[in-house]
Amino acid sequence: MTRKFFPAMDILNADCLREIIIHLSLQDQIALLQVNRYLQQIVQSLWITKYKHNSINFVEKSLKDEDLERFFKTIKDFAESFELRFLDEQKYKLLKKFTYPQIKTVRLTIHPCFIRDEDIKDFHLMFPNLRVFSPHGNLTGRYLDLWPNLTELNLSYCYKLELSYFHSIMRSLHLEHLELNMFPMSKQCEQLDLKEANLENLKYLRLNTYELYYFLVKPMPKLQHLYITNQYNPRQLFDVILSVWRARDIRKLETNVKNVLANCLEMRMNVEELCIINDDNVLPQNVIRSLHLLDDLRVLRFKSCDLTTINIAELLRSIPQIDEISLESCRLPAQLKLNAVELGEERSKLLRLNFWQNIGRRLRNSPEREYRQNTPQSVDVIIKGEHSFFEFTEIPGVDLYFEPLYIQFR
């Protein structure tokens, strides 16, 4: 196929061709790579931006093998990241035909179980400058320390992870981001030894409570984000955490564990932001009346909680130090009445009540018998008056992590 078969293209400049090509499918664009060098250069100029960061679902992108190989060959010199879903052995063979010197991030999702330890050496040849790696497969952890500049590593899907190789990784690399959750309470976990590990650069740590205890043997001065992946005794865990960090070092708590709010009050964990998720327990009145003790609390969020017995107006009045209360996808009384003047008159700064996709509970009577039935209903909000220090908003909350416990440090 040569250019003479497309006489109309001869009168189009490069900008016009780009505008046309950008609307073509990936398969059609790959076909244009084979027409002539002129069209090849135009397609490549578009791909340098579009395919610098690649999220590829091999089920959705059903390219022929020869087309996929041309795609990899074209982007190999400028691609910077890969997220590969449903990678199979045949696609993997095509991928490893090339070296990708600019790639810094590789994430494998929807696990390719065929990947073994020996394949990690191939990954090192393909991606010599890797800094972020999330491997999936029957991996023991062997060879994962081949990249001296690796700063982020997710080991959660290395299904045969062995302690000896994990120890080698932690001694060799200076990680900033680590996801583990691979060693439950077992004899293997009891042999976890991190006394010689490099923990000083860790900023992000995701693991279970059993693993956490072993990480606390050395200081982690730069840690900002801690995720606990399993249910736990909050009082016991907070005791452990507060033996390492001061209460004022903890800026934010997000949790779906029951009664954490009461624990925060009892232990004076003076957080700035507190997010309670999926709690169907009744919030005790003494807890509401004690919220003013958290002097630094500025944002209180309830996500998917049952607040049908809570007096929202009293909750708003009981914490004068707060800037925002957000109720998101919660169960509330069918009607909520608020007096903006009363809520704002004793304040010296703005209080915002955010309200997003909440539902109410109503009682329904049947002629045959009386019963209580939960029926999703929108909540009627009635606000009386206006005040410059009270604001009502209806906006989605920021994304949550939905781990049993998330801690953000100052």
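The values are calculated or read from the model by the stated rules, or taken from the named source; none is laboratory data. Note that this is a predicted model, so its numbers are computed, not measured. FYI the Cβ positions are ideal-geometry reconstructions off the backbone, even for glycines, and counts take in every protein chain you see. For the accessible areas, the whole protein counts, side chains as well, though only heavy atoms, and no ligand, DNA or RNA atoms are used. Shrake-Rupley method; radii C 1.70, N 1.55, O 1.52, S 1.80 Å.
Scan region 82-99 for residues that are under 23 Å from ILE169 (Cα atoms) and either surrounded by 20 or more Cβ atoms within 10 Å (Cβ to Cβ) or β-branched (Val, Ile, Thr) (or both) and the total you get is 1. Scanning region 188-234 for residues that are of a type in the set (A, V, I, L, M), in contact with a helix residue (DSSP H, G or I) (Cβ under 7 Å, 6 or more places away or on another chain) and open to solvent by 30 Å² or more (accessible area, probe 1.4 Å) yields one hit, LEU216. If the condition is being modelled with pLDDT of 80 or more and in a strand (DSSP E or B), then region 335-379 contributes GLN335, LEU336, LYS337, LEU338, ASN339, LEU351, ARG352, LEU353, ASN354, PHE355, TRP356, ILE359.
Screening SER318 with (1) touching a His at 6+ places or on another chain (Cβ under 8 Å); (2) crowded, with 19+ Cβ neighbours inside 10 Å gives one miss only, at (2). For region 273-324, give me each residue that is more than 19 Å from ILE250 (Cβ to Cβ), hydroxyl-bearing (Ser, Thr, Tyr) and in contact with a helix residue (DSSP H, G or I) (Cβ under 7 Å, 6 or more places away or on another chain). Across region 273-324, the qualifying residue is only SER318. Considered as a group, the residues in region 100-119 that are modelled with pLDDT under 95 and open to solvent by less than 20 Å² (accessible area, probe 1.4 Å) include one that is farthest from PHE58 (Cα to Cα), and that residue is ILE115.
Residue count for region 278-298, restricted to those that are at pLDDT 85 or above and touching an Asp or Glu at 6+ places or on another chain (Cβ under 7 Å): 3. Pairs are defined by a Cβ separation below 6 Å, a sequence spacing of at least 6 or placement on different chains, a first member in region 32-51 that is open to solvent by 80 Å² or more (accessible area, probe 1.4 Å), and a second member that is among the β-branched types (Val, Ile, Thr); no pair meets this definition. Within region 36-62, the set of residues being closer than 23 Å to LYS104 by Cα, of a type in the set (A, V, I, L, M, F, W, C) and assigned to a loop (DSSP other than H, G, I, E, B) comprises PHE58 only. Looking across region 104-135, the residues that are closer than 24 Å to THR49 by Cβ and in contact with a helix residue (DSSP H, G or I) (Cβ under 8 Å, 6 or more places away or on another chain) come down to VAL106, MET126, LEU130. With respect to PHE133, is the statement that it is open to solvent by less than 30 Å² (accessible area, probe 1.4 Å) and in contact (Cβ under 8 Å) with a residue 24 or more places away in the chain true? Yes; evaluated as a whole, the condition is true for this residue.
Restricted to region 388-410, and to residues that are β-branched (Val, Ile, Thr) and open to solvent by 30 Å² or more (accessible area, probe 1.4 Å), which residue is nearest to PRO219 (Cα to Cα)? It comes out as VAL398.
Which ones in region 260-279 are touching a strand residue (DSSP E or B) at 6+ places or on another chain (Cβ under 9 Å) and either open to solvent by 30 Å² or more (accessible area, probe 1.4 Å) or assigned to a strand (DSSP E or B) (or both)? Correct list: ASN270, GLU272, GLU273, LEU274, CYS275, ILE276, ILE277, ASN278.
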